[in-house]
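Below is one structure, written out as structure tokens; the observations come after it.
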Amino acid sequence: MCFMFKMENLDIKINNSCDKAECLLFLHRLGVLANPEAVVSRPVAQLSIPINDKFEIVRGIEICRCLTCVCVFSGSKACVRIQIKGEKAPELLLELQDDDRTRLFLTQVKSAQRQGKTTLPLTMEPLAPTPQRGALESSLNDSTSTNHNTTDPAHMLADFGFEEKFNNTQRVEEKKNKQNRMVASREPPPIPPLPPRKASVPFTRRENRYDGVDKPASLCESPTTKTMPSSPSGQREFLIKHCLGKKEKEYVDIKHFSFFVGTWNVNGQSPDSSLHPWLCCDPDPPDVYAIGFQELDLSTEAFFYLDSSKEHLWIDAVERTLHPKTTYRRIRTIRLVGMMLVVYAKKLHRKHIRDVAAEHVGTGIMGKMGNKGGVAVRFVFHNTSFCFVNSHLAAHVEDYERRNQDYRDICARMTFHLLEQPPLNIVKHDVVIWLGDLNYRLSMSDASEVKQLIKENALKKLQEYDQLTHQRKHKRAFTDFIEGDITFVPTYKYDPKTDRWDSSGKCRVPAWCDRILWRGSSIEQLKYRSHMELKTSDHKPVSSLFKIGVKVADEQRRKKVFEEIVRAMDRMENDFLPSVSLSNINFTFPDVKFRQLQKERFLIKNDGQVPCHFAFIPKLSDSQYCKPWLRAEPSDGFLEPNETLEMYLEVYVSKDSVTLLNCGEDTICDILVLHLDRGKDYFITISGNYLPSCFGTSLETLCRMKKPIREIPIEKLCDLGEDTFMEKEKSKVTFLMADGASSDDIPLKIPKEVWVLVNHLYKNSCDQEDLFQTPGLQEELQSIIDCLDTSIPDSLPGCNHSVAEALLIFLEALPEPVLCYELYQRCLDCSHDSRLCKQLISQLPRAHRNVFRYLMAFLRELLKHSTNNNLTASLVATLFASLLIRPPPNLMSRQTSHDRQKAIDFILGFLMARDEE
């Protein structure tokens with residue numbers, strides 16, 4: 001009889017060689033639930049086994065080809081089964097994969113046996129799946145042995161006391177990983193707050209296909225995850241991987257594979273014809289497909305990250321028309337509103353693809369409306385990392401600067417967080433291919449002139465006016481990217497279902513909106529073309545065929561390099577301890593402002609004799625290594641001896657940290673602990689001063705201030721912020737004036753900042769096209785915030801879109817929403833009854849009640865101009881409901897789509913009502 005449980009990727013059996021009680025006691029000591037059913041049904045996430053001279057291998061089996069054993073990675077794998085026995089514990093029967101982790105595990109066992117005095121806590125950490133048949137044998141060589149051309153498995157395993165027989169193996173079916181549902185970012189550019197971080201699900205085996213799908217699930221924040229292993233064995237493992245990467249030229253060969261990349265803005269349409277002319281236009285099937293769509297769904301609901309039925313329609317249309325000469329498996333799909341990216345690979349390649357992750361960045365207004373932005377899929381194919389980015393940038397001919405800003409925001413905020421690996425941004429990949437509706441236009445206003453040049457096939461002449469070409473030339477966007485020669489006519493804009501240029505009243509100037517660019521080495525573009533046969537949309541699809549050199553490892557050479565690294569590391573670890581030097585350990589950040597990024601640079605140098613891993617670690621009783629307004633980039637990494645790395649400390653006050661700074665409960669002060677594995681800790685001090693902002697200050701506090709917030713001493717701001725919800729209407733708080741306080745003064749009905757923002761929009765933007773749908777410019781937003789914090793202006797700087805976004809940012813940053821947290825559930829419950837809704841509003845605290853009524857009156861006025869500003873009651877209700885009716889923080893993760901719809905209905909009732917006094 002035996003018990004079985006799962007430790008990471010290992011199936012572990014415990015022989016009941018003693019009795020059942022002893023086995024369960026041993027499991028309990030290892031942190032496993034003490035009953036057999038729980039042991040079988042609940043995998044153990046982390047299991048530390050102390051390896052010392054008392055923990056010995058007592059019996060083992062020969063290396064065998066195990067076709068029936070359960071592995072995370074598909075296919076037939078070489079494995080080794082061993083029995084090990086701990087002090088005062090029953091025997092353990094382990095079945096280990098033939099990979100680097102196993103070799104490292106056995107090396108440490110042997111090392112501990114020889115030393116006979118060291119207790120080494122060992123955790124079998126996840127490792128990139130690169131196992132190959134027969135990879136174990138040579139790693140078991142004695143560290144003093146070299147030049148073994150052939151290896152006898154029995155001889156090598158005999159060194160560990162292995163025998164040749166094994167009985168009663170059990171087959172355990174692998175649990176399928178659940179879909180990773182990505183979380184939509186709510187933080188506006190330029191830099192999202194850190195922490196939290198997002199975790200991505202690694203590439204996993206499915207029964208029939210690679211079918212990972214990532215879709216935004218909610219507007220709540222993501223959970224925080226660790227990026228580096230905490231156990232000594234895990235850290236050593238990562239260091240070995242790092243050294244292997246540095247020496248990969250010694251064991252990789254370049255082999256070429258074909259990649260088909262396609263992009264199409266489908267204008268909210270459903271597929272009405274075969275995609276064969278687009279996806280199957282080459283005689284030979286590509287090895288990998290990367291297919292991007294924009295404007296997949298133009299519905300109002302889709303703008304706010306809800307599901308779209310058109311996603312499945314287009315995926316089905318794609319899969320019906322992939323090249324018929326081979327079989328493909330889907331690697332990953334990710335969608336953000338109308339942007340979707342789906343990646344396929346030939347079935348025969350799937351075992352060589354790993355570390356798959358997907359991310360998205362919304363660059364629509366506040367990052368909340370994802371009608372603009374980017375989605376990306378990254379993975380490692382053999383030994384080459386790929387990143388595909390599909391984006392839809394800002395529209396309109398004159399808004400090329402907004403397109404540049406969108407590009408910068410995507411690059412800054414698109415970060416992949418793989419389990420137990422450092423975070424990766426877009427440029428940290430060997431190959432990056434960027435596709436999509438980039439929306440760069442021709443700087444020509446005469447559509448008839450452009451059409452005539454197209455008719456004359458004067459494409460080179462037209463390209464002199466191409467905005468993307470100009471922005472790249474002046475290094476304002478896509479600086480390091482390459483684009484092939486454009487030999488096809490502009491792909492925008494056509495009358496849908498035809499090949500005629502736009503004949504609407506706007507008569508859009510034709511342009512090459514749809515583009516494909518790349519960066520990396522060993523990339524050859526074979527074809528770059530449009531596909532005029534498809535007429536579903538007002539855009540034409542574009543595709544590019546690439547031949548890309550991929551680094552393919554030679555396993556024998558790789559094993560040899562691996563052994564050399566392990567032997568060298570063993571020698572160095574016995575003789576040297578890691579050490580680094582920092583160019584600066586004291587940093588000051590003066591005049592920190594809301595949403596204004598500050599960065600400081602310093603250098604870290606490995607001045608020791610051994611490679612080292614460094615990481616910022618939390619202080620005692622802290623869960624994060626830094627305060628929420630601070631982050632270090634990178635937060636961990638590896639350094640070779642004498643290697644120097646450039647580090648950055650970034651201070652960015654977001655809506656999540658602004659309130660505590662405003663009221664003085666937090667300050668720009670922190671101490672970072674930089675830890676070296678097997679080495680000492682280094683302490684970095686952060687100091688500075690914060691300038692309070694009306695953004696992130698409560699409505700009650702703002703109503704009691706007649707002066708700009710920067711003119712009020714922080715002590716008085718703290719006094720104003722002390723009232724609780726129940727005291728808001730009852731307490732008599734001193735009202736601030738220039739020279740002092742007077743208890744007879746009455747607070748303002750609404751904050752002056754709200755009045756300034758709304759009054760500006762009312763006077764200037766009722767007829768503004770795409771109001772609340774087009775993001776503002778970051779420079780203008782910062783000027784607006786500074787203006788409100790330092791003065792009471794008659795007018796605000798910046799365009800109408802920037803002022804509109806500033807209003808939304810103000811509402812989102814409120815520490816308590818306009819409809820107070822305590823009334824959240826009642827708000828949802830009465831959303832069906834307008835009379836109950838009005839009664840609830842009358843029960844709000846005075847400042848909240850007045851602001852709500854003021855905003856509703858303004859929004860009703862905007863809807864009277866919907867013909868010009870393109871606003872609808874549904875769109876306005878959806879946007880403002882997410883700001884005015886927010887669930888309490890403890891309920892955020894439990895908010896359902898039904899709850900969001902109730903909140904929308906609540907706002908919609910007031911928008912459709914008659915104007916009130």
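The values are calculated or read from the model by the stated rules, or taken from the named source; none is laboratory data. Predicted model, so just to flag it, every value in this text is computed and none were measured. Counting neighbours? That spans all protein chains shown, and the Cβs are built from the backbone with ideal geometry, glycine included.
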Inset, instruction - Quick one: residue 822 ticks every box in (1) touching a residue at least 24 places away in the same chain (Cβ under 8 Å); (2) more than 17 Å from residue 758 (Cβ to Cβ); (3) out of contact with any Phe, Trp or Tyr (no Cβ under 7 Å at 6 or more places or on another chain); (4) in a helix (DSSP H, G or I) except a single one, so which number is it? - result: (3)
Inset, instruction - Please list, ordered by first then second residue, the pairs with beta carbon atoms under 7 Å, 6 or more apart or interchain, first in the range 379-407 and within 17 Å of residue 512 (Cβ to Cβ), second surrounded by fewer than 21 Cβ atoms within 10 Å (Cβ to Cβ) and charged (D, E, K, R). - result: 404/476
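What about residue 878, is it in contact with a Ser or Thr (Cβ under 8 Å, 6 or more places away or on another chain), assigned by TED's automatic domain parsing to the domain that holds residue 773 and part of a helix (DSSP H, G or I)?
Yes: the conditions hold for residue 878.
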Inset, instruction - Report, ordered by the first and then the second residue, all pairs with beta carbons closer than 7 Å, sequence separation of six or more or different chains, a first member in the range 884-904 that is assigned by TED's automatic domain parsing to the domain that holds residue 874 and touching a residue at least 12 places away in the same chain (Cβ under 8 Å), and a second member that is surrounded by fewer than 18 Cβ atoms within 10 Å (Cβ to Cβ) and assigned to a helix (DSSP H, G or I). - result: 888/821
Inset, instruction - Give just the number: which of (1) crowded, with 18+ Cβ neighbours inside 10 Å; (2) more than 24 Å from the chain's Cα centre (by Cα); (3) at pLDDT below 95 does residue 299 not satisfy? - result: (1)
Inset, instruction - Would you check which residues across the range 450-464 are surrounded by fewer than 12 Cβ atoms within 10 Å (Cβ to Cβ) and either closer than 18 Å to residue 502 by Cβ or hydroxyl-bearing (Ser, Thr, Tyr) (or both) and list them? - result: 452, 455
Legend entry - Filter result (surrounded by 18 or more Cβ atoms within 10 Å (Cβ to Cβ) and not in a loop (DSSP other than H, G, I, E, B)) within the range 469-491: 471, 472
Inset, instruction - Scan the range 625-655 for residues that are more than 22 Å from residue 590 (Cβ to Cβ), out of contact with any Leu (no Cβ under 9 Å at 6 or more places or on another chain) and surrounded by fewer than 18 Cβ atoms within 10 Å (Cβ to Cβ) and jot them down. - result: 640, 641, 642, 643
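Condition check ((1) out of contact with any His (no Cβ under 8 Å at 6 or more places or on another chain); (2) in contact (Cβ under 8 Å) with a residue 60 or more places away in the chain; (3) assigned by TED's automatic domain parsing to the domain that holds residue 812) across all residues:
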position: 673; (1), (2), (3): yes, no, no
position: 678; (1), (2), (3): yes, yes, no
position: 683; (1), (2), (3): yes, yes, no
position: 710; (1), (2), (3): yes, yes, yes
position: 716; (1), (2), (3): yes, no, yes
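Scan the range 773-797 residue by residue and report those that are in a helix (DSSP H, G or I), of a type in the set (A, V, I, L, M) and either farther than 16 Å from residue 810 by Cα or within 32 Å of the chain's Cα centre (by Cα) (or both).
The initial filter retains those residues of the range 773-797 that are in a helix (DSSP H, G or I), namely 778-790.
Those still in the list that are of a type in the set (A, V, I, L, M) too: 781, 784-785, 788.
Listed by number, the residues that qualify are 781, 784, 785.
If you check residue 835 against the conditions, is it outside any loop (DSSP other than H, G, I, E, B) and in contact (Cβ under 8 Å) with a residue 60 or more places away in the chain?
So residue 835 fails the test.
Here's the yes/no breakdown for (1) within 20 Å of residue 245 (Cα to Cα); (2) not assigned by TED's automatic domain parsing to the domain that holds residue 676:
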residue	(1), (2)
563	yes, yes
601	no, no
620	no, no
640	yes, no
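Can you tell me which of 433, 426, 410 is of a type outside the set (Ser, Thr, Tyr), over 14 Å from the mean Cα position of the chain (by Cα) and crowded, with 20+ Cβ neighbours inside 10 Å?
Testing whether each residue is of a type outside the set (Ser, Thr, Tyr), over 14 Å from the mean Cα position of the chain (by Cα) and crowded, with 20+ Cβ neighbours inside 10 Å leaves just 433.
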Legend entry - The one condition in (1) under 26 Å from residue 763 (Cβ atoms); (2) surrounded by fewer than 15 Cβ atoms within 10 Å (Cβ to Cβ) that residue 806 fails to fulfil: (2)
Legend entry - residue 619 being crowded, with 19+ Cβ neighbours inside 10 Å, touching a residue at least 40 places away in the same chain (Cβ under 8 Å) and assigned to a loop (DSSP other than H, G, I, E, B): no
Legend entry - Checklist (1) of a type in the set (D, E, K, R); (2) without any contact (Cβ under 8 Å) to a residue 60 or more places away in the chain; (3) assigned to a loop (DSSP other than H, G, I, E, B) applied to residue 816, failing item: (2)
Legend entry - Selected residue [more than 30 Å from residue 785 (Cα to Cα) and out of contact with any Lys or Arg (no Cβ under 9 Å at 6 or more places or on another chain)] from 622, 591: 622
Inset, instruction - Could you grab the pairs with beta carbons closer than 8 Å, sequence gap of 6+ or different chains, first residue in the range 300-328 and over 24 Å from residue 345 (Cα atoms), second one outside any loop (DSSP other than H, G, I, E, B) and at pLDDT below 80? - result: 308/302
Inset, instruction - Given the conditions (1) within 24 Å of residue 600 (Cα to Cα); (2) in a loop (DSSP other than H, G, I, E, B); (3) touching a residue at least 60 places away in the same chain (Cβ under 8 Å), report the number of the one that residue 667 does not fulfil. - result: (3)
Inset, instruction - Please verify whether the range 529-539 includes one or more residues that are among the hydroxyl-bearing types (Ser, Thr, Tyr), in the same structural domain as residue 272 (by TED's automatic domain parsing) and within 16 Å of residue 481 (Cβ to Cβ). - result: no
Legend entry - Filter result (within 21 Å of residue 750 (Cβ to Cβ) and acidic (Asp, Glu)) within the range 823-862: 861
Legend entry - Selected residue [crowded, with 21+ Cβ neighbours inside 10 Å and at pLDDT 90 or above] from 602, 587, 594: 594
Legend entry - Residue tally, condition surrounded by 15 or more Cβ atoms within 10 Å (Cβ to Cβ) and either outside the structural domain of residue 861 (by TED's automatic domain parsing) or under 16 Å from residue 862 (Cα atoms) (or both), over the range 905-917: 5
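Every residue, every condition in (1) in a helix (DSSP H, G or I); (2) in contact with a helix residue (DSSP H, G or I) (Cβ under 9 Å, 6 or more places away or on another chain), yes or no:
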position	(1), (2)
311	yes, no
319	yes, no
329	no, yes
332	no, no
342	no, yes
354	no, no
375	no, no
385	no, no
390	no, no
Inset, instruction - Determine whether the range 449-456 contains at least one residue that is touching a helix residue (DSSP H, G or I) at 6+ places or on another chain (Cβ under 9 Å) and either in contact (Cβ under 8 Å) with a residue 60 or more places away in the chain or among the polar types (S, T, N, Q) (or both). - result: yes
